[in-house]
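What follows is a single structure, written as structure tokens, with notes after it.
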Amino acid sequence: MKKPLKLILTVMLLAFSSLAQQNAAKQTDAPSKTDAPLLRVEMDGGKSYELKAADLAKLPRREVKGRTHDGAPANFSGVELREVLKLAGMKFGEEGKKTNLTSYLVIEAADNYRAVFAMLELEPDFTDKIILLADAREGKPLSKEEGKLRLVVPDEKKQARWVRQISVVKVQTIK
Ligand SMILES: Nc1nc2c(c(=O)[nH]1)N[C@H]1C(S)=C(S)[C@@H](COP(=O)(O)O)O[C@H]1N2
Ligand SMILES: [Mo]
């Protein structure tokens, strides 16, 4: 084989194999693809929905800029909490009108920390407020302390509702 041709072929082969390696790395770096649920949504009537990584991956992604508790700017990304509730069967807009006024969410964390949101805080007909279920910070998976999923509510002055290590989201309606 002629030398220049051999060189070109070698370079192409190297480029191809490094691309293949990069792709393999991408797959393993992605948020855990195991079947273990990331969180459970418990609906008022007793039904529940378990969110898996594969379901999360199908939802539209959003990035928000927030300020962490220590005042440092940070970029969080994930999906809007509303989208996960829709997968669990929650209705918003016209369809949810009758119940959402009196419904609320209890967000529960692995350390038993809890916070409440009124359902209308997630209702696009009422507000542009973003309640993000974040799984990444600066494009990387969250820290162990933050857990697989945490809330980020960028327009709030305090981060008390930025629940870390979310395990359960309860949908309730006042009786
Ligand atoms: N699970 C869990 N989430 C939590 C808390 C907590 O104690 N447990 N503290 C909250 C409070 S009061 C604040 S100010 C922020 C701090 O977030 P940071 O630790 O990421 O800075 O987390 C919020 N989320
Ligand atoms: Mo806090």
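Taken together, the values in this text are just the output of simple stated rules run on the coordinates, not laboratory data. All values reported here derive from a predicted model rather than from experimental measurement. Every residue, glycine among them, receives a Cβ derived from its backbone with ideal geometry; neighbour counts consider all protein chains shown.
Points 7 angstrom from Cα along the Cβ direction at K158 and R40: gap in nanometres?
3.0
Test of understanding: what is the full-extension gain from Y113 to K58, defined as 0.36 nm times their sequence separation minus their Cα-Cα distance?
Gain in length upon complete extension: 17.0 nm.
What dipole magnitude, in Debye to the nearest 20, does the range 121-175 give about its Cα centre under +1 on Lys/Arg Cβ and -1 on Asp/Glu Cβ?
Values: 12 positive and 10 negative charges, 78 e Å.
In debye, rounded to 20, the range 121-175 gives about 380.
State, to one decimal in nm, how far the label point of E138 lies from the label point of K175, with both points 7 Å from Cα in the Cβ direction.
If labels sit at E138 and K175, their model points lie 4.9 nm apart.
Tell me which of F92, A110, L39 sits at the most positive position along the dipole axis of the range 36-175, charges placed on C-beta atoms (Lys, Arg +1; Asp, Glu -1).
Projecting each Cα onto the dipole axis, the largest value belongs to A110.
Once label points are set 7 Å from the Cα along Cα→Cβ at both K47 and Y104, what is their separation, rounded to one decimal in nm?
2.4
Which entries of K47/K158; K52/K140; K52/K175; K65/K91; K65/K98 show an alpha-carbon separation above 23 angstrom in the structure shown?
K47/K158; K52/K175; K65/K91; K65/K98
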